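Read through the structure below, which is laid out as structure tokens, and then see the notes.
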Amino acid sequence: MNDRKIIHIDMDAFYASVEQRDNPELRGKPVIVGGTPQQRGVVAACSYEARKFGIHSAMASATALRLCQQAVLVTPDFSKYKKASGQIHEIFHEYTNMIEPLSLDEAYLDVTENNAGIKSATQIAKEIKEKIYEKTRLTASAGVSYCKFLAKIASGYKKPDGLTVVTPEKALRFIENLPIGSFHGVGKVTEKKMFSLGIKNGLELRIKSLDFLEEHFGKSGAWFYDLARGVDDSPVISIQDRKSMGREETYPEDILEMDKIKNYLEQLCFDVEKDLRSEGLKGRTITLKIKYLDFKQITRSITIEKAVQSGATIYGRILKLLDNTLAGKKKIRLLGVSVHNFGDAPDKKGQLDLPLK
Amino acid sequence: MKLITKKNEILDSLQVAQFFISTGSTLPLLSNILFDAQDDFLFLSATDMDISVKIKCRVEKVEQAGKTTIPKKIIPLIKEFTDDIIKIETDKNDNTKVVCKKASYKINGLPAEDFPVLQLDEKKLESITIPQKLLKEIISKIYYAALKDTTKRNLNGVYFKFEGKIIEAVATDAHRLAYYKTEVKTGVKSKFDYIIPLKTINEIVKVLSDDETKEITLNFYDKVIEFQMENMDIVSRIIDENYPNYNQVIPKEFNMEASVNKEEFAAAIRRASTITSDKSKIVIIKFEKNKLMIIAQAQDEGEAFEEIDIKYDSEPVEVSYNAAYIMDVLKVIESDTIEIKLISSMNPGIIKGKGNDDFLYIVMPIRK
């Protein structure tokens, strides 16, 4: 599969850049887009000026404002971001329909076969970047490679307004120097484990045997083994093929307290809402996933008649599903929330209800 | 525990017990079946904590009384044995040895002491004993109309009301409602009403007998209901919510009444529904003087037209329904002729068997 051409496009400080574009007074200033400290809000995005102060997304807004007192806090206006995202997607579609959006500001494109008949993916990436700037006055960074894993790392290599190409010939050298935390599938917990096994970068990962990795990481072992060798066959999956949308998180410490579990779940529900919103999707089946400390994994689902998108509604259902688990009794290491079965119950259109009271 | 049995003495009971084992439980114990052997009987119990079953079966010989819990994989194992003597023996660590001829299996179980039971310790309020066949008839006539999901918890079950000698039962998913009313010989002194979870109903209907002479006793408690049969005892939690006022949605006066041959109508609806798309099974039913027409259309797929002779003398009317809702009720009506009664194309309509007032089906149309 090494003859694929994959581009990863990542908008630069997307929400913050949109705000700076629309409000000249914000240009050149540290801008934080997020909830207010009073709402116990978090940073959804921040401008490059703000990043210099150590501010990053997912940080509590209160902390961010402590780090940089002159920062301007802007409440997110998703309609604006969605509009810009729509314009960007129109540009993508000029080249290919094989688009896998990760969020409003990030997407994979498979341009192996493209509408423009251009052989060079680098050329396409360059054109896309230019067109994005022409149309939206926003900059994007692009990564070009033969697989998703390397394309994504490449787009983050030089930011903002970067374009990085990782050819199959350069891939192994490129991977050797990558910090282990940037590998797809290595979260905080796995990173810690990698460190404890003496693996800090791609080279140190590559010298480990498949047996060794499988022994320590189970099924993921083979995945890491392949990544270290630049092998990633995962396809670009366009939205039309998407069956579900969800978020999950492995937590650095195992959780037992119900309050904490509920807080985490609420956050996941709102993240799922954000994803659903960005694709304009609503779903009828809500699934809660829990992995306990002993790695036993369970899922609990409910299907409802009316498709939902709102995080609050999803959270309400998740809480009911939570009753049917050992949460609070048995330590939990991973929580996940997903929504599938998109669209309203198809057979209920126009069906009248009995006036039951 | 140590016993000798034949395959056919316990296999059916084990398979019934299997219905009640919870799926996807986090408690390993709930995936097991409780074996309790005493006096040449084996009692099998299974539960998912909402419903539990205890089945009594006679075995060849109990050599040593005792209890244990065995994972459900013993069922396919026993099923595959030839019909010879099977020896089941459990050691003190709850590991069970199953021996049949020269085959020998060991299955690791869990202690019986921790096996959960649905408590019946509250005071029994009252009981009623009725033929199993009647209960089966009531349930079969209505339970398909209950809500299949839990979006409205109180509708995810079948409602029963016992008052004197009268039993009323209702199931609805808010789009259609099935109602059954009957009188029994010996009733209850006071009044009881329960919403029995659909899951329980689905299991009960499987075990009820068609034999006229077999009876079932319903024991009423505050939060649970117990179904006692000759060799089986089922305890179920009830849905502790209010059931909607169904009487209020059953229309009493109508503007149109039709008398229709059930078989002709059912066949025509079944044919027409093949043209509707899977997602919306909409059929338009037109009533004109002494004739009924069924029209269905599916975009890009085709059209259906059916006409049957009926007895109808009211104003012409046209009303759309979900064909599945109509087919459901036509399957359970036994009369040759059905009556359809309507108020308008936007109001609830009634379908019932002619000459049978025990059973009513109320269905809401689809807006045009």
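The values are calculated or read from the model by the stated rules, or taken from the named source; none is laboratory data. Computed from a prediction, not measured in an experiment: that's the story for all the values here. Note that each Cβ is placed from the backbone with ideal geometry, even for glycine, and that neighbours are counted across all protein chains shown. The area values use the complete protein model at the heavy-atom level, side chains included, leaving out ligands, DNA and RNA. Shrake-Rupley method; radii C 1.70, N 1.55, O 1.52, S 1.80 Å.
Annotations
- For the stretch B:126-169, the tally of residues that are acidic (Asp, Glu) and within 14 Å of chain A (Cβ to nearest Cβ) stands at 1.
- All positions within the stretch B:98-123 that are open to solvent by 20 Å² or more (accessible area, probe 1.4 Å), modelled with pLDDT under 90 and in a loop (DSSP other than H, G, I, E, B): B:Pro116, B:Val117, B:Leu118, B:Gln119, B:Leu120, B:Asp121, B:Glu122, B:Lys123
- Residue that is farthest from B:Ile139 (Cα to Cα), among those in the stretch B:313-331 that are hydrophobic (A, V, I, L, M, F, W, C) and in contact with a strand residue (DSSP E or B) (Cβ under 8 Å, 6 or more places away or on another chain): B:Val317
- Tally of residues being buried (at least 18 other Cβ atoms within 10 Å of the Cβ) and not in a strand (DSSP E or B) across the stretch B:30-47: 2
- At least 1 residues being without any contact (Cβ under 8 Å) to a residue 40 or more places away in the chain is the threshold, and among the strands (runs of 3 or more DSSP E) wholly inside the stretch A:267-357 those reaching it are A:297-308.
- The condition (being modelled with pLDDT of 90 or more, hydrophobic (A, V, I, L, M, F, W, C) and over 19 Å from the mean Cα position of the chain (by Cα)) is satisfied by just one residue among B:Ile142, B:Ile196, B:Ile166: B:Ile166.
- The residue list B:Leu110, B:Leu135, B:Leu120 contains one member that is more than 24 Å from B:Ser209 (Cβ to Cβ) and in contact (Cβ under 8 Å) with a residue 40 or more places away in the chain, which is B:Leu110.
- Condition met for B:Pro251 (within 14 Å of chain A (Cβ to nearest Cβ), under 18 Å from B:Ile351 (Cβ atoms) and part of a loop (DSSP other than H, G, I, E, B)): yes
- Candidates A:Lys296, A:Lys282, A:Lys306: the one that is within 30 Å of A:Lys83 (Cβ to Cβ), surrounded by fewer than 16 Cβ atoms within 10 Å (Cβ to Cβ), touching a Lys or Arg at 6+ places or on another chain (Cβ under 9 Å) and among the charged types (D, E, K, R) is A:Lys306.
To keep it simple, each residue is scored yes or no on (1) more than 24 Å from B:Thr23 (Cβ to Cβ); (2) within 14 Å of chain B (Cβ to nearest Cβ).
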residue: A:Gln267; (1), (2): yes, no
residue: A:Thr287; (1), (2): no, yes
residue: A:Gln309; (1), (2): yes, no
residue: A:Thr313; (1), (2): yes, yes
residue: A:Asp323; (1), (2): no, yes
residue: A:Gly350; (1), (2): yes, yes
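- Which numbered condition B:Leu77 fails, given (1) more than 18 Å from B:Glu203 (Cβ to Cβ); (2) part of a strand (DSSP E or B): (2)
- B:Lys206 vs. criteria basic (Lys, Arg), exposed (fewer than 12 other Cβ atoms within 10 Å of the Cβ) and part of a loop (DSSP other than H, G, I, E, B): no
- The helices (runs of 4 or more DSSP H) found wholly in the stretch A:151-262 and carrying at least 3 residues that are without any contact (Cβ under 8 Å) to a residue 24 or more places away in the chain and more than 30 Å from A:Ile314 (Cβ to Cβ) occupy A:168-176, A:188-196, A:210-217, A:220-228.
- Test: residue in the stretch A:329-336 that is at positive phi and away from chain B (no Cβ under 13 Å): no
- Close pairs from the stretch B:343-368: first farther than 11 Å from B:Pro251 by Cβ and within 14 Å of chain A (Cβ to nearest Cβ), partner of a type in the set (Lys, Arg) and in a loop (DSSP other than H, G, I, E, B), Cβ under 8 Å, at least 6 apart: B:Ser345/B:Lys368; B:Met346/B:Arg367; B:Ile366/A:Lys349
- When we screen B:Ile284, B:Ile295, B:Ile269, B:Ile338 for residues that are crowded, with 18+ Cβ neighbours inside 10 Å, hydrophobic (A, V, I, L, M, F, W, C), in a strand (DSSP E or B) and in contact (Cβ under 8 Å) with a residue 60 or more places away in the chain, the only hit is B:Ile338.
- All of (1) within 14 Å of chain A (Cβ to nearest Cβ); (2) open to solvent by less than 30 Å² (accessible area, probe 1.4 Å); (3) under 30 Å from B:Glu183 (Cβ atoms) hold for B:Asp328 with one exception: (2).
- Filter result for the condition that a residue is of a type in the set (D, E, K, R), under 30 Å from A:Glu100 (Cα atoms) and either buried (at least 16 other Cβ atoms within 10 Å of the Cβ) or more than 10 Å from chain B (Cβ to nearest Cβ) (or both), over A:Glu253, A:Glu248, A:Glu257: A:Glu248
- Residues in the stretch B:173-193 that are open to solvent by less than 90 Å² (accessible area, probe 1.4 Å) and hydroxyl-bearing (Ser, Thr, Tyr): B:Tyr179, B:Tyr180, B:Thr182, B:Ser190.
- Within the stretch A:309-335, tally of residues that are out of contact with any strand residue (DSSP E or B) (no Cβ under 8 Å at 6 or more places or on another chain), open to solvent by less than 50 Å² (accessible area, probe 1.4 Å) and more than 17 Å from A:Lys274 (Cβ to Cβ): 2
- Residues satisfying the stated conditions in the stretch B:142-157, i.e. open to solvent by 10 Å² or more (accessible area, probe 1.4 Å) and either part of a helix (DSSP H, G or I) or assigned by TED's automatic domain parsing to the domain that holds B:Asp328 (or both): B:Tyr143, B:Tyr144, B:Arg153, B:Asn154
- Every listed requirement among (1) in a loop (DSSP other than H, G, I, E, B); (2) more than 13 Å from every other protein chain (Cβ to nearest Cβ); (3) buried (at least 20 other Cβ atoms within 10 Å of the Cβ) is met by B:Glu315 save one, (3).
- Residue match in the stretch A:44-60 (condition: at pLDDT below 90, outside any helix (DSSP H, G or I), open to solvent by 30 Å² or more (accessible area, probe 1.4 Å) and hydroxyl-bearing (Ser, Thr, Tyr)): yes
- The listed residue being without any contact (Cβ under 8 Å) to a residue 40 or more places away in the chain and open to solvent by 10 Å² or more (accessible area, probe 1.4 Å), out of B:Asn245, B:Asn231: B:Asn245
- Taken over the stretch A:158-185, residues that are surrounded by fewer than 18 Cβ atoms within 10 Å (Cβ to Cβ) and either assigned by TED's automatic domain parsing to the domain that holds A:Val144 or of a type outside the set (A, V, I, L, M, F, W, C) (or both) amount to 16.
- Conditions (1) out of contact with any strand residue (DSSP E or B) (no Cβ under 9 Å at 6 or more places or on another chain); (2) surrounded by 15 or more Cβ atoms within 10 Å (Cβ to Cβ): number failed by B:Glu301: (2)
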